[in-house]
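The values are calculated or read from the model by the stated rules, or taken from the named source; none is laboratory data. Model, not experiment: these values are computed from the prediction. Heads up, the Cβs are rebuilt from the backbone with ideal geometry, glycines too, and the neighbour counts pull from every protein chain shown.
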Amino acid sequence: MSDVRSFFATCPKTLEGLLAQELVDLGAQKVRQTRAGVHFTGDLKTAYRVCLWSRLANRVLLPLCTATAETPDHLYAQVYHQIDWHRHLNVDGSLAVDFTSTGSNRFHSHYAALRVKDAVVDQFLHRFGRRPDVNTQTPHVRINVFMKHYEATLSLDLAGESLHRRGYRTQGGEAPLKENLAAAVLIRAGWPQMASENRPILDPMCGSGTLLLEAALMALDRAPALDRTWFGFSGWSQHDPVAFKDLHLEAKARAEQGAEKDTSLFLGFDKDQAALVRARSNTARAGLSDRVRFHHRDIRQLKAPEVPAPGLVVTNPPYGERMGEKRFLEDLYQALGRSLKTHFNSWEAGILTANPDLAKQMGIRAKKIYRFYNGALPCQLLNFEIHESWYMGKKDQVPAETRVSPVWDAGADMFSNRLKKNLKRIGRWAKKQGISCYRLYDADMPEYAVAIDVYDRWVHVQEYQAPAEVRPENARKRLHQVMAVLPVVLGISRDHMVLKKRHKTRGNTQYTQLGATGRFLEVHEGGLRFLVNLTDYLDTGLFLDQRLTRQRIRDLAAGRRILNLFCYTATATVYAAAGGALKTTSVDMSGPYLSWARKNLTLNGMHPGQNELIQADCLQWIRECRNRYDVIFLDPPTFSNSKRMTRSLDIQRDHGSLLNQVLPLLAPNGLLLFSSNKRNFRLDKEALPPCRVRDISLATTPMDFKRRRHSHHCFEIQPFSPPKAKQDKESHRKDYGD
């Protein structure tokens, strides 16, 4: 079970980013997105866990080989000779073959599947004189062949049948929504967070109830494949039933614990009685009849239930493709909009539609839009905040608070155009990468000297200190223009904008806490979850420019001991733990930051026993440390003079001495990653012992920071010889006043 293998999880197009994050949460390693699927590595237990718990994947494939073939007969020969099929299937077993191709018309799918089957059974006939049977329903082994041009990838299908089939749906409605698409809609609409807060969920056009049933399974922490009796690996010769039984028992225990939860309301309405009969039948098969309730009600009678806190309205209304006349559907969407505006103030809504023009009839401006495919049909999920600031007037189609201000002029137009250009390029890149936090603008135009960071649905604006030659009134005017343009271009509320002024530090000054709202937002990066605070500190708790550095640490972490010095909120530690670190140690002097770090670790399910947090003056702690670490991440502040420190730290002045003290903490063949965000930092290599030094500053600078050079400087440092003993290094170390 400890053997690491490569797997491929398939999914509908546009779900790749969500699936990648889910796989990381399930313990997958080396997660890499591609079209309609995600590559990952792990042991068999990881693959079993994905089959059991994935809400988004269709299939989990174990690639066996690739083969180049120009004809079905060539493919037959490759399948026959490249794979020892007896390692996967007994002669008394059964098999099935699925074949798909793209970019080649020489392979008829049915005939090519037959030739692959022939190759397998002929190998058995030649070796044993007998052959396995064909069973297209529940074979011992299901073989998946994907042909692209002339290259075929042969895999074992560990799922057996598509994982989107949960088993609770007896029949769909006129246009059923697949279960994994419903799960993706709920995730994009923010339901997991609301479910953790026991918020209500309501589907006013529920059809067969899929959205509500998926929402309930999430809220109750129930594995979507918990009740499945057969998987593609069930009859596979290398299947480990003990490992799977352990995972299944764990999932069953979690479901029993979830069943004890006091969840909020799950309400479904529909005017079609036949649809409600199907919905109730599906709910009974899912074992959720005591949780999810359905009522016969027209959309025009829709009202919010009496609940302590607002929740989520989510629905998949008719699209106008085959389900009704345009006039009727316009009236339907108008009625939905009126009901939301009248009765659901402060709620959130997610509307999945293939006809965005119909959604305009609701009279509410979407705050976020996601692309999906319902089968082959392109759709959009429109997320709404039900608040009057988002309502459309007859003449003014933008919220009142985002209307153009009197400071708008030609300069504001240029700034607006630059933002739109960046949003098209960087925003599209970030979405493709599954990144919800990124730098959109960084003083691209010298006249508008601000940095603009997007944090999911929030915008964090930092005004750089204006040069002495810029008149203060001009600086104020341009800042007003920035704040006026942003809501219009980004489609956000002013309530979701935070402005700060970043100035240069001089002498013995350093950044301090700005406020004490204690308001944290959850954001996502690299399939992990982090808390940010946009208001209380100059920095937010997540250094966006270090995104690739954190990924580098995750790649290095498997089975290693990791030390994170000046750890701040321990985002790098979370990456290390997610990468399979044997143990992590994180040191920082700030109690609030370590509390924040602990929340980040807990949010990602990291075990506290394997992830040690130490509150200490890092400089003093380094001198006293006697442990050794395989990877050390050192990212000190540019300047610090805290009263609790024995001496101030100036990174340009002191980095040579600091590195000389940290390098002996490395285990043999260990690696130090040293980073500094001082703009004009220069590494003094002469101050270091014999080392291999590699400048990875450019390699660790993300695309959204490459417009502004030297966002950080980063180096990999590795001693040529094993580190000296702690006591031997005292003679050449410059200390900090001990």
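Of all residues in region 256-271, exactly one satisfies the criterion of being in a helix (DSSP H, G or I) and either of a type in the set (D, E, K, R) or at pLDDT 95 or above (or both), namely GLU256. Exactly one residue out of ALA159, ALA77 is farther than 24 Å from ALA57 by Cα and of a type in the set (Gly, Ala, Ser): that is ALA77. Taken over region 1-23, residues that are of a type in the set (A, V, I, L, M) and either surrounded by fewer than 21 Cβ atoms within 10 Å (Cβ to Cβ) or out of contact with any strand residue (DSSP E or B) (no Cβ under 9 Å at 6 or more places or on another chain) (or both) amount to 3. Kindly evaluate PHE639 against the criterion of being buried (at least 18 other Cβ atoms within 10 Å of the Cβ) and within 33 Å of the chain's Cα centre (by Cα). For PHE639, the condition - buried (at least 18 other Cβ atoms within 10 Å of the Cβ) and within 33 Å of the chain's Cα centre (by Cα) - is not met. Within region 561-587, the set of residues being on the phi < 0 side of the Ramachandran plot, within 22 Å of the chain's Cα centre (by Cα) and not in a helix (DSSP H, G or I) comprises THR569, GLY579, ALA581.
All of LEU634, LEU603, LEU649 fail the test of being buried (at least 16 other Cβ atoms within 10 Å of the Cβ), within 30 Å of GLY527 (Cβ to Cβ) and touching a strand residue (DSSP E or B) at 6+ places or on another chain (Cβ under 6 Å), apart from LEU634.
Note on region 605-723: enclosed strands (runs of 3 or more DSSP E) holding 1 or more residues that are under 19 Å from ARG561 (Cα atoms) are 611-615, 629-634, 666-676, 713-719.
Pairing residues of region 675-690 that are in contact (Cβ under 8 Å) with a residue 12 or more places away in the chain and loosely packed, with under 12 Cβ neighbours inside 10 Å with residues that are assigned to a loop (DSSP other than H, G, I, E, B) and not acidic (Asp, Glu), at Cβ distances under 8 Å and at least 6 apart in sequence or on separate chains, gives ASN680/HIS710; PRO690/PHE720; PRO690/SER721. Only one of the numbered conditions (1) modelled with pLDDT of 95 or more; (2) farther than 18 Å from SER54 by Cβ; (3) not assigned by TED's automatic domain parsing to the domain that holds PHE344 is violated by GLU174, and that is (1).
Check whether at least one residue in region 201-217 is in contact with a helix residue (DSSP H, G or I) (Cβ under 8 Å, 6 or more places away or on another chain) and without any contact (Cβ under 8 Å) to a residue 60 or more places away in the chain, and report yes or no. No, region 201-217 contains no residue that is in contact with a helix residue (DSSP H, G or I) (Cβ under 8 Å, 6 or more places away or on another chain) and without any contact (Cβ under 8 Å) to a residue 60 or more places away in the chain. Within region 323-378, being of a type in the set (Ser, Thr, Tyr), touching a residue at least 40 places away in the same chain (Cβ under 8 Å) and part of a helix (DSSP H, G or I) holds for one residue alone: SER339. Only a single item in (1) touching a Ser or Thr at 6+ places or on another chain (Cβ under 6 Å); (2) under 19 Å from PRO318 (Cβ atoms); (3) of a type in the set (Ser, Thr, Tyr) is not met by SER208, and it is number (1). In region 439-446, is there at least one residue being within 25 Å of GLU16 (Cα to Cα) and either among the basic types (Lys, Arg) or at pLDDT 85 or above (or both)? Yes, some residue in region 439-446 is within 25 Å of GLU16 (Cα to Cα) and either among the basic types (Lys, Arg) or at pLDDT 85 or above (or both). With respect to the numbered conditions (1) crowded, with 21+ Cβ neighbours inside 10 Å; (2) modelled with pLDDT under 95; (3) not aromatic (Phe, Trp, Tyr), which one is the sole condition not fulfilled by ALA274? So ALA274 meets the others, but not (1). There is at least one residue in region 559-576 that is among the aromatic types (Phe, Trp, Tyr), surrounded by fewer than 21 Cβ atoms within 10 Å (Cβ to Cβ) and either modelled with pLDDT under 95 or under 21 Å from PHE543 (Cα atoms) (or both). Quick one: is THR153 out of contact with any strand residue (DSSP E or B) (no Cβ under 7 Å at 6 or more places or on another chain) and either surrounded by fewer than 20 Cβ atoms within 10 Å (Cβ to Cβ) or under 30 Å from ALA284 (Cα atoms) (or both)? Judged against the criteria, THR153 is not a match.
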